[in-house]
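Participant: Before I ask anything, let me first share the structure, which is written out below as C-alpha cells.
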Amino acid sequence: MSKETIYRYIRRDRRDGGQLWLNLRIASKFGRKRRGSPATRGRLLGKRHISERPADVELRLQQGHWEGDTVMGADQRHCILTLVERVTGFLVIKKLKARNMAEATRAMTVAIRQLEARFDTITLDNGTEFHDYETVEDRTGVEFYFATPYHSWERGTNENTNGLVRQYLPKGMCLKSLTQAQCNRIAQQLNNRPRDRLGFRTPSEVFFARSYGCCA
C-alpha cells in the first residue's frame, strides 16, 4: 500500500466529517493547494448554476425560494445551517453536529418537511457539505442551485441574515453546546422583528399570511 493510497483514504474520511487527518504530524499542510493548480472548491458535476434559476426567483415575485449556508463555530466542526426565504426574510436555523454531507442532508430534509410545501428552490454556497443535495431533491422535490464560488453577494439575503445571527452567535464562540431549542429561539426573535421592506410587518407575519400582494 503506497503512502498516496493512505492519504487518499484520509482525505475521503475528512470530507465525510472524520478526524483521522488530525493525527498527521503536519496536519496544517494536509490538503493544501499546490502552486499553479486550478481552484477546485465546490466542483461537483451536474450542479445547477444560479444563472439557471427561474427569473421570478431573482425578482422576488413569489415565496418559496430560499438561500442557505453554514455558520461555523470556533472549533470549525460544530456549526449551524441557516435557510432564509428570499421574499419575506423568514429564517430557519438547524444545529449540525458536524459540517458534513450527512448532517447537512438531514437538516435540510427536516426543515423542508416541517414547512410542508413552502420550499420550491434553495440556492446554496459551494461547501462540500452540500454535495449530497440530490438526495434531498429526491426526497422532497425541491430544486437546488449553487452560487458562483467566492461570490457570496449572489446569496445576499442569506449573507445579511447570517450577520444578524452573528449578533447572537459571535465569531469565536464555540457552538458545541448550542441546542436546537436555542437555535429555534434565535430564529423566532429574528422572524418577529419588524422589517422596513415588509411595510414594518415581521417575516413571520408575511410568511404565514394568506395574501400579501405578489408575495402570497
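Every number here is computed from the coordinates shown, using simple stated rules; none is lab data. None of these values were measured; they are calculated from a predicted model. Cβ: placed from backbone, ideal geometry, glycine included. Neighbour counts: every protein chain shown.
Participant: When DSSP assigns beta bridges and you keep just the ones with both residues in the chain, what percent turn out antiparallel, to the nearest 5?
Facilitator: Working: 14 of 24 bridges.
So the antiparallel bridges amount to about 60 percent of the total.
Participant: Net charge near G172, counting Lys/Arg +1 and Asp/Glu -1 over other residues with Cβ under 15 Å of its Cβ?
Facilitator: Details: positive: R77, R166, K171, K176; negative: D75.
In short, +3.
Participant: Using Cβ contacts closer than 10 Å as the measure, can you line up K47, K171 from fewest to most? Walk me through the numbers before you get to the answer.
Facilitator: Numbers: K47 18, K171 9.
Result, fewest neighbours first: K171, K47.
Participant: Here's a follow-up. Given Cβ point charges of +1 (Lys, Arg) and -1 (Asp, Glu) and nothing else, what value in debye, to the nearest 20, does the dipole of the chain about its Cα centre take? Could you put the intermediate results ahead of the total?
Facilitator: Details: 38 positive and 24 negative charges, 242 e Å.
For the chain, the charge dipole is close to 1160 debye.
Participant: For the stretch 65-170, state which trypsin sites (Lys or Arg not before Pro) are in a DSSP loop and have at most 12 other beta carbons lying within 10 Å of their beta carbon. Each step should come with its number before you reach the end.
Facilitator: Values: sites: R77, R86, K94, K95, K97, R99, R106, R113, R118, R139, R155, R166; in loops: R77, R86, K97, R99, R118, R166.
When the trypsin sites (Lys or Arg not before Pro) of the stretch 65-170 are filtered for loop state and at most 12 Cβ neighbours within 10 Å, R166 remain.
Participant: Fewest first, what order do T161, T202 take by the number of other Cβ atoms within 10 Å?
Facilitator: Ascending Cβ contact count within 10 Å gives the list T202, T161.
Participant: Take N184, project a point 7 Å from its Cα along the Cβ direction, then tell me which residues of the stretch 93-111 have their backbone nitrogen under 19 Å from it.
Facilitator: Zone members listed by number: 93-97, 106-111.
Participant: Given the DSSP H assignment, sum -39500 (n - 2.57) over each helix run of at least 4 residues in the chain and divide by its residue total; what's the result at 222 nm in deg cm²/dmol, nearest 500? Walk me through the intermediate numbers first.
Facilitator: Details: 7 runs with 67 residues, N = 216.
Calculated from helices alone, the mean residue ellipticity at 222 nm is -9000 deg cm²/dmol.
Participant: Related question: Which one is right for this structure if semi-axes √(5λ) of the Cα gyration tensor in Å is calculated from it: (i) 33, 20, 15; (ii) 23, 20, 18; (iii) 26, 18, 17?
Facilitator: Computing semi-axes √(5λ) of the Cα gyration tensor in Å and matching it to (i) 33, 20, 15; (ii) 23, 20, 18; (iii) 26, 18, 17 gives (i).
Participant: Let me know the charge dipole size of the stretch 112-216 about its Cα centre in debye, to the nearest 20, where only the beta-carbon of Lys, Arg (+1) and Asp, Glu (-1) is charged.
Facilitator: Numbers: 13 positive and 13 negative charges, 153 e Å.
Charge dipole, the stretch 112-216, about its Cα centre: 740 debye, nearest 20.
Participant: A further question on this structure: Equivalent-ellipsoid semi-axes (√(5λ), Cα gyration tensor) for the stretch 100-184, whole Å, largest first? Display every interim value, and only then the final one.
Facilitator: On the way: eigenvalues 97, 61, 35 Å².
Sorted largest first and rounded, they come to 22, 18, 13 Å.
Participant: While we're here: Fewest to most neighbouring Cβ within 10 Å: what's the order for M101, M72, M108, M173? Before the final figure, lay out the partial values.
Facilitator: Numbers: M101 19, M72 16, M108 28, M173 12.
Least to most surrounded, the residues fall as M173, M72, M101, M108.
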